[in-house]
Amino acid sequence: MAALRCAVRVSAHTTQLRAGALAVSRHGHKKRRCFATATSPSSLLSALDTFQDRHVGPDGSEVKHMLSALGYESMDAFVDATVPSKIRVASSSVSNDSIAALSESELYKRARELAKANKPFKSYIGMGYHNAVVPPVILRTAQIMESPAWYTPYTPYQPEIAQGRLESLVNYQTMIMSLTAMDIANASLLDEATAAAEGMVMAFASTNQKKRVFLVDEGVLPQTMAVLQTRAKGFGIQLVVGDVFSLAKDNSTEICGALVQYPDVNGSVFEYGQLAETIHKAGGLVVCATDLLALTMLKPPGEWGADIVLGNSARFGVPAGYGGPHGAFFSCTDKLKRKMPGRLIGRSKDVYGKPAYRLALQTREQHIRREKATSNICTAQALLANMAAMYAVYHGPVGLRRIAEKVHTLASILKSEVEALGYKAINSSFFDTLTFEVNGAAPNAETVHDAAAKVNVNLRRIDEKHVGVTLDESVSKEDVETLVQVFASAASKERSSVTAPVSSAIPQTLQRTSEYLPHPVFNTHHSETEMLRYIYHLQSKDLGLVHAMIPLGSCTMKLNSTSSMIPLTWPEFCNVHPFAPTDQVKGYVEMIKELESDLCKITGFHACSVQPNSGAAGEYAGLSVIKAYHESRGEGHRDICLIPVSAHGTNPASAVMAGLKVVPVKTHPDGNLDLEDLRAKAEKHKDNLAAFMITYPSTFGVFEDGVQDACKIIHENGGQVYLDGANLNAQIGLTNPATCGGDVCHMNLHKTFAIPHGGGGPGVGPICVAEHLAPFLPSHPIVPTGGDKGISAVAAAPYGSASILLISWAYIKMLGGDGLSAASAVALLNANYMAHRLSGHYTLRYKNGNGRVAHELLIDLADFEKAAGLKVTDFAKRLQDYGFHPPTCSWPISTCMLIEPTESEPLEEIDRFCDAMIQIRREAEDIITGKQPKDSNVLKNAPHPVSVIALPDDQWNRPYSRQTAAFPMPWLMERKFWPTVSRIDDAYGDLNLICDCPSVEETAAH
């Protein structure tokens, strides 16, 4: 032991010497860090695979360099100058004592323990969720699900460097339009239930909010009904649930729309054509929730009169994941396209006429419409939509039909065999789902469920007389034999052998006869070689964190570590049905409880719900909880929500959705909240004040001194404070929402807690609340969640996008409390160092009294428009030539860029970005001084793709060289990311709205 202790001491000393030698030998801070710069282990026996050194970009010497550049001798002194002392929390509140740190190997061991606690049952529960088969070429070979080139990019607001996933999302939209036979489709929504709620509100809005009765057929999924109930309350919509055919006759004068499930929850397939005519005559819209695989065999809703068609696309190659994330699809008729929520990808062209894709109709978005919006959707499920699209590309129309026919045939066989045992299927028409009446065969439904459990099978629980079974692509003939044996055992009978296929159970009038997916992209890439190359071809067009930092302000594009992603695809986690019995998902439940507990420690709050599956959904859930709290106290009349004019556009949209009226609050010229205006409006509305929404640090990138004073004003006037947690990455271990004065906050797990942005989703927006609000956290109709007075569900699954909660759980566990606090401090340091380097070149719009910003900085480019005719867009497009994704543009101020480097970026990358910005400033100066013309210069013509640089000499008519255009900095010769197209014509794309794939003829023409 003495020898071992000696070895430990010698090793530690040697490591220190090695690090010291490195520090002496580094000539300048831009040299890349080496492993020797990592924190020395305490002993030879300490874990070497610690996460903090891998996650936090700058090493100790780089931190020291940045602090010195800012004039500080220590990190503590810097933080003291950045974060107001009155809101600081004790360092022990988020530390390794409160959240212990695990090494990567320790994390895997813990994750394996939790995985083993989940029982490997095969679920036939259905209800909108299936056991998807993910083609290996999509899962691992080309790695859409596991590739950082696909999961690290942001929403494609910069289309010139996002043509790959834009093309894939157009494939997704085309797939939806073709299968549903609708005119237009968006690029996905959060889940089927919230998509149905969006459809209901569209129907309500289509009557100018005059007709308030919305019919819901009794065959609609119960989780969808629950979400509709929540959403209807905020808009004052009256839900009427029952037999939709009868209801349509009785409520014709007040109907704004009706929702049907096709096939319904019990598996039945009904003819809705006559119903559609009735609803249309009443002036309402028909909303249809459906199944994509079924639509390869069923008459599509667009052919029988549906106005809006939606559902879950996950059975196209996306794992169940205990409920998500899944991409919901949403399509509608042409006349509704400008009212459709969510992202919409359209075809356009670049300045040379080359076809290109872009986000279309962005004026529908919340940062423009604010309180006039009827939806707060500001994201999609892009990664899952891309997986579903690739599934359709890989299988093609013929392959999809074969899969559907096999599923339907197996369901038909199952019906025949089970009915031979004395059971009766209550639905004679079906695609993949059967509901059996057990009376006359088994004593009761529980007997059947008990028999199923003995062979590790889950069936759908309905009542004591009925059992449901849903088949899918994963089901084999042997699986059907097992199911038949389950029913035979429950009936105490011997089963016969499985018989040959029977005829179709889809009525002749509802069988599909129309063509679908004729586009070349769905009829080309069917070998793995072709598919592999297509996926990599698209991937090569997109800039992600694999290429460079993505300094988008308010987006926190930090490292999405491989170590935190690995458990995601383990079958014990990804193959779990969200409605599986709780004794089968103990590992999931324990992981979620640990995550909720850690989030409460971080925020300072009492309780947490992870059900909201986006940041905007978290806003809506939090405000709905506040509303329920007021109602419980007999103050349901409180409906005023105060919101600063600087707030993100989803804030007022969420408030309106929760049934609140928005009153804006002014800000001062220095960016701080106008406390006098807040006080005046709080006192004016004190009898009806419900809530105040505030983002902290502010969207202007500063810790405001008066946040606690603002919250006190609200509380004194009877309101509750909603603290938007979009900028929580600046707070952890330094302050927290509860200390700031909040009552509820949401967190963006896809920002602060490292879930990938996925090119535009998925995300998770859990809420944490003070103790008095805990009873009102969201409930669920199938799996008990939330408080004893919980609001109805805000998402389809009880724990929202449960599978990706693993990522944030792992991130928190591996960093531990000390690492989380250090990450926030370095995020502040990186932003302030960047502000320091850019000062003198650009105007820093806001800073605190000590000259410090928070985790992001706002630079104002207004002067360049006056002096050189340059707009924010020109600087953004020029940054693409330097290999960077531009910062957030024209928000929260139209003439500004909001820049957020995060803690994951090393000093070398931060300097590289600053060098690029400074060089662009020099290029702008050449325009100001007349060295370059205002109408044709390196900024106005940016970006410069290969196709432009390769123009023949007689066509190169620019007043600058090709070298200046493409290689303005020396390091670009070694490391260059090329935009795919030139600057895209946004106006053309909106005026000529085309949102599907090119046809055979169009493909041939290009």
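The values are calculated or read from the model by the stated rules, or taken from the named source; none is laboratory data. What you are looking at is a predicted structure, and each value in this text was computed from that prediction instead of being measured. Cβ: placed from backbone, ideal geometry, glycine included. Neighbour counts: every protein chain shown. Remember, those area values only see protein heavy atoms, side chains included, never the ligands or the DNA or RNA. Shrake-Rupley method; radii C 1.70, N 1.55, O 1.52, S 1.80 Å.
The distance from the alpha carbon centre of segment 606-658 to that of segment 904-979 is 45 Å, rounded to a whole number. Across segment 606-800, Cα pairs under 8 Å and at least six residues apart give a relative contact order of 29 percent. Dipole size of the chain about its Cα centre, with +1 on Lys/Arg Cβ and -1 on Asp/Glu Cβ: approximately 1160 debye, rounded to the nearest 20.
Just so you know, the Cα atoms of the chain work out to an Rg and Dmax of 28.8, 93 Å.
Quote to one decimal, in nm, the extra length available between Ser947 and Ser514 on full extension: 0.36 nm per residue of separation minus the C-alpha distance between them.
151.8 nm
Entry note: segment 606-800 has Rg to Rh equal to 0.95, where both radii use alpha-carbon atoms and Rh is the Kirkwood radius.
Sort the following peptides by mean Cβ neighbour count (other Cβ atoms within 10 Å, averaged over residues), highest first: 47-54, 409-416. Don't skip to the end; give the middle numbers.
On the way: 47-54: 17.1, 409-416: 21.1.
Top of the packing list down: 409-416, 47-54.
Across segment 596-686, the fraction of Cα-Cα pairs farther apart than 17 Å, rounded to a whole number, is 60%. Antiparallel beta bridges, as assigned by DSSP with both residues in the chain, represent about 50 percent of the total such bridges. Only DSSP H runs of four or more residues enter the estimate; each adds -39500 (n - 2.57), and after division by the residues of the chain the mean residue ellipticity at 222 nm equals -11500 deg cm²/dmol.
Take each peptide in 93-105, 648-660, count the other Cβ atoms within 10 Å of every residue, and average; sorted highest first, the result is 648-660, 93-105. For segment 255-354, what does the alpha-carbon gyration tensor say about shape, rounded, prolate or oblate, given a ≥ b ≥ c as the root eigenvalues, a/c under 1.5 as rounded, and a/b over b/c as prolate? It is oblate, given that a/c is not under 1.5 and a/b is not larger than b/c. Placing a label point 7 Å from the Cα of His280 along the Cα-to-Cβ direction, the residues of segment 317-349 whose backbone N falls under 20 Å of that point are 331-340.
For every other residue with a beta carbon closer than 11 angstrom to the beta carbon of Gly869, add +1 if it is Lys or Arg and -1 if Asp or Glu, then tell me the sum. Counting the neighbours of Gly869, the net charge comes to +1. The trypsin sites (Lys or Arg not before Pro) of segment 194-273 that DSSP puts in a loop, and whose beta carbon has at most 14 other beta carbons within 10 Å, are Lys210. What the Cα convex hull of segment 181-328 gives, in volume per residue, is 108 Å³. Tell me the accessible surface of Met225 in square angstrom (1.4 angstrom probe, heavy atoms of protein chains only), to the nearest ten. Ignoring ligands and nucleic acids, Met225 comes out at about 50 Å².
Solvent-accessible surface (1.4 Å probe) assigned to Lys712 amounts to roughly 120 Å².
At a threshold of 8 angstrom on Cα-Cα distance, excluding pairs fewer than six apart, so keeping six or more, what relative contact order does segment 910-1006 reach in percent? Present the calculation step by step, with values, prior to reporting the outcome.
Working: 47 pairs, mean separation 26.7, N = 97.
After rounding, I find 27 percent.
Just the number, please: Stokes-Einstein D of segment 500-604 in µm²/s, Kirkwood Rh from C-alpha pairs, 10 °C, 1.306 mPa s.
Reported coefficient: 78 µm²/s.
The lysine pair count for segment 606-800, using Cα distances under 26 Å and pairs eight or more places apart or on different chains, is 20.
Only one residue of Gly786, Val79, Leu414 has its Cα farthest out toward the positive end of the dipole of the chain, where Lys and Arg carry +1 and Asp and Glu -1 on Cβ, and that residue is Val79.
Of all DSSP beta bridges confined to segment 606-800, the antiparallel ones make up roughly 30%.
Count Lys and Arg as plus one, Asp and Glu as minus one, and take only other residues whose Cβ is under 13 Å from that of Gly759; the net charge is then +1.
Please work out whether segment 769-816 counts as rounded, prolate or oblate from its C-alpha gyration tensor, where a ≥ b ≥ c are the square roots of the eigenvalues and a/c under 1.5 means rounded, while otherwise a/b larger than b/c means prolate and anything else oblate?
Values: a/c = 3.60, a/b = 1.54, b/c = 2.34.
Oblate, because a/c is 1.5 or more while a/b does not exceed b/c.
Taking the Cβ-Cβ separation of Leu991 and Ser105 as r and a Förster radius of 51 Å, what is the calculated FRET efficiency to the nearest 0.05? With R0 = 51 Å, the Cβ-Cβ based efficiency is 0.35. R0 = 51 Å: FRET efficiency of Asp49 with Leu972, Cβ-based, nearest 0.05? Working from the Cβ atoms, E equals 0.90. Among the chymotrypsin sites (Phe, Trp or Tyr not before Pro) found in segment 919-974, not one is both in a DSSP coil and sparsely packed, with 11 or fewer other Cβ atoms within 10 Å of its Cβ. I'd like to know which of Ala868, Leu858, Pro887 lies farthest towards the positive end of the charge dipole of segment 845-890, counting +1 on Cβ of Lys and Arg and -1 on Cβ of Asp and Glu. In segment 845-890, that residue is Leu858. Label separation (Asn523 vs Asp183): 2.6 nm, computed from points 7 Å beyond Cα along the C-beta direction. For segment 596-684, the list of trypsin sites (Lys or Arg not before Pro) that fall in a loop by DSSP and count at most 16 other C-beta atoms within 10 angstrom reads Arg633, Lys666.
Structural descriptor for the chain: relative contact order 19 percent, calculated from alpha carbon pairs under 8 angstrom and at least 6 residues apart.
Using the Cβ-Cβ distance between Val398 and His537 with R0 = 25 Å, the FRET efficiency computed as 1/(1 + (r/R0)^6) comes to roughly 0.60. Taking a ≥ b ≥ c as the square roots of the eigenvalues of the alpha carbon gyration tensor, segment 423-470 is oblate, as a/c is not under 1.5 and a/b does not beat b/c.
Take the Cα radius of gyration of segment 868-918 and divide it by 2.2 N^0.38 Å, with N its residue count; two decimals is plenty.
Numbers: Rg = 11.5 Å, N = 51, 2.2 N^0.38 = 9.8 Å.
Against the compact-globule rule of thumb, the ratio is 1.17.
Residues in segment 606-800 average 26 Å² of solvent-accessible surface per residue, probe 1.4 Å, ligands and nucleic acids excluded.
Between helix 104-117 and the chain there is an angle of about 10 degrees, using the helix long axis and the longest principal axis of the Cα atoms.
Of the accessible area of the chain, with the probe set at 1.4 angstrom, what percent is carbon plus sulfur? Spell out each step's value before the answer.
Numbers: 17910 of 35240 Å².
Looking at the chain in its full context, I get 51 percent from C and S.
Close amide H partners of Phe330, meaning residues 5 or more places away or on another chain with modelled amide H under 5 Å apart, are Asn186, Ser188.
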